[in-house]
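The structure under discussion appears below in the form of structure tokens.
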Amino acid sequence: MSRTRRSCLAVPGSNERMLAKAAELPADEVVVDLEDAVAPADKERARELGAAALRNGFRGTVAVRVNARGTAWWEDDLRAAAEAGAEVVVLPKVESPEDVAAAAALLPEGTGIEALVETARGLAEVERIAAAGHGLEALIFGPADFAASVGIPVLTIGAGSWDYALARIVVAARANGLQAVDGPHAVLDDEPGLLASAQRAVAFGFDGKWAIHPNQVEPLNAAFTPSPEQVERARRILAETEGAARAGGELVDVVSRRLAESVLARLPDRASPSA
């Protein structure tokens with residue numbers, strides 16, 4: 001299944017007000033977060049509130065980020081997500097195909113899985129992780145934990161240089177028929193910075209990006225949707241290109257058709273409420 005993931009809004013599972021607000025937003029995916037956004041003392045409450053929010057529903061895909069394998073909360077999080085009817089489970093700090101398989105064994109058949117690549121070992125194993133199967137649908141880059149893992153001296157989530165990680169993740173994803181999603185831009189009220197970060201992800205071939213504030217959702221939806229001009233040109237190439245020709249000062253040929261098809265594949269499902 002190929003879901004639209006231009007904007008994936010992460011919401012703390014312990015915050016009832018934010019969960020209610022998220023239900024109204026046009027995010028392609030809402031990720032109820034039981035991990036980093038929730039203090040240890042609030043884990044059980046987050047699980048309960050998150051499950052209630054899932055049952056009430058969201059406009060887009062319903063996902064849950066559980067705590068990492070090996071923590072005291074992992075198995076209970078997976079069972080709660082399954083019982084609440086999560087469409088997708090997000091696994092943090094994935095470092096091997098076995099992490100994916102172990103989670104899948106506790107989930108109902110048909111539950112989608114997304115794997116967060118956010119450690120040095122996770123990136124070193126990303127090709128094997130991408131080939132894990134078990135309902136894996138997407139790889140997500142986690143810039144903050146990755147920066148801490150490799151020792152990049154930054155203090156802001158999303159700051160740093162990620163070209164190697166982004167390229168390797170998207171290649172591993174595409175080689176295995178998966179989507180690739182970039183991590184969040186943590187500076188709030190910074191739409192230019194958000195858009196620059198999103199445009200970099202688009203340039204690497206990513207399908208979408210995590211949002212951590214409601215105001216980031218619509219700019220991300222726009223950034224990861226081809227413009228009307230791109231769509232018109234792509235359709236014109238598909239309609240007219242046979243062999244090599246000159247068009248608009250550029251050479252176009254059969255490869256141009258494949259590029260055009262790739263652009264049009266980014267159009268969101270017209271049935272999607274956030275399209």
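In a simple Cβ point-charge model (Lys, Arg +1; Asp, Glu -1; nothing else charged), segment 113-248 has a dipole of about 400 debye relative to its Cα centre. Residue by residue, segment 107-123 carries 3J(HN,Hα) couplings of 10, x, 4, x, 6, x, 10, 10, 10, 7, 9, 8, 9, 4, 5, x, 5 Hz when phi is fed to the Karplus relation 6.51 cos²θ - 1.76 cosθ + 1.60 (θ = phi - 60°); x denotes Gly or Pro. Angle between the Cα long axis of helix 163-175 and the longest principal axis of the chain, 0 to 90 degrees, nearest 10? Helix 163-175 sits at roughly 80 degrees to that axis. Residues in segment 200-214 carry Karplus couplings, in order, of 4, 5, 4, 5, 8, x, 5, 8, x, 8, 6, 10, 10, 8, x Hz; the curve used is 6.51 cos²θ - 1.76 cosθ + 1.60 with θ = phi - 60°, and Gly or Pro positions show x. Helix-only arithmetic for the chain: the sum of -39500 (n - 2.57) across DSSP H runs with n ≥ 4, divided by the residue total, places the mean residue ellipticity at 222 nm at -12000 deg cm²/dmol. Segment 28-70 and segment 172-186 have Cα centres lying 21 Å from one another. Computed from Cα atoms, the angle from the helix 43-56 axis to the main principal axis of the chain rounds to 50 degrees.
So if I place +1 on the C-beta of Lys and Arg and -1 on the C-beta of Asp and Glu, and nothing else carries charge, what would the dipole magnitude of the chain be about its Cα centre? I want it in debye, nearest 20. The dipole magnitude comes to about 500 debye.
Taking the chain as a Gaussian network of alpha-carbon nodes connected by springs under 10 Å, the highest mean-square fluctuation of the residues 126, 90, 187 belongs to 187. Over the chain, the fraction of Cα-Cα pairs per 10 Å bin, rounded to whole percents and listed from the shortest bin up, is 7, 29, 36, 20, 7, 2, 0. Seen against the Cα atoms of the chain and their longest principal axis, helix 228-240 is set at about 50 degrees. So, counting K/R as plus one and D/E as minus one, what does the shell of residues with Cβ under 11 Å around residue 97 add up to? Its environment carries a net charge of -4. Under 5 Å between amide hydrogens, built in the peptide plane, is the criterion, and for residue 136 it picks out 113 among residues at least 5 positions away or on other chains. Working from Cα pairs under 8 Å separated by at least six residues, relative contact order for the chain is 16 percent.
Where a number appears in this text, it was derived from the coordinates with a stated rule and is not lab data. Values in this document were obtained by computation on a predicted structure and should not be read as measured data. Note that we place each Cβ from the backbone using ideal geometry, even for glycine, and neighbour counts take in every protein chain shown.
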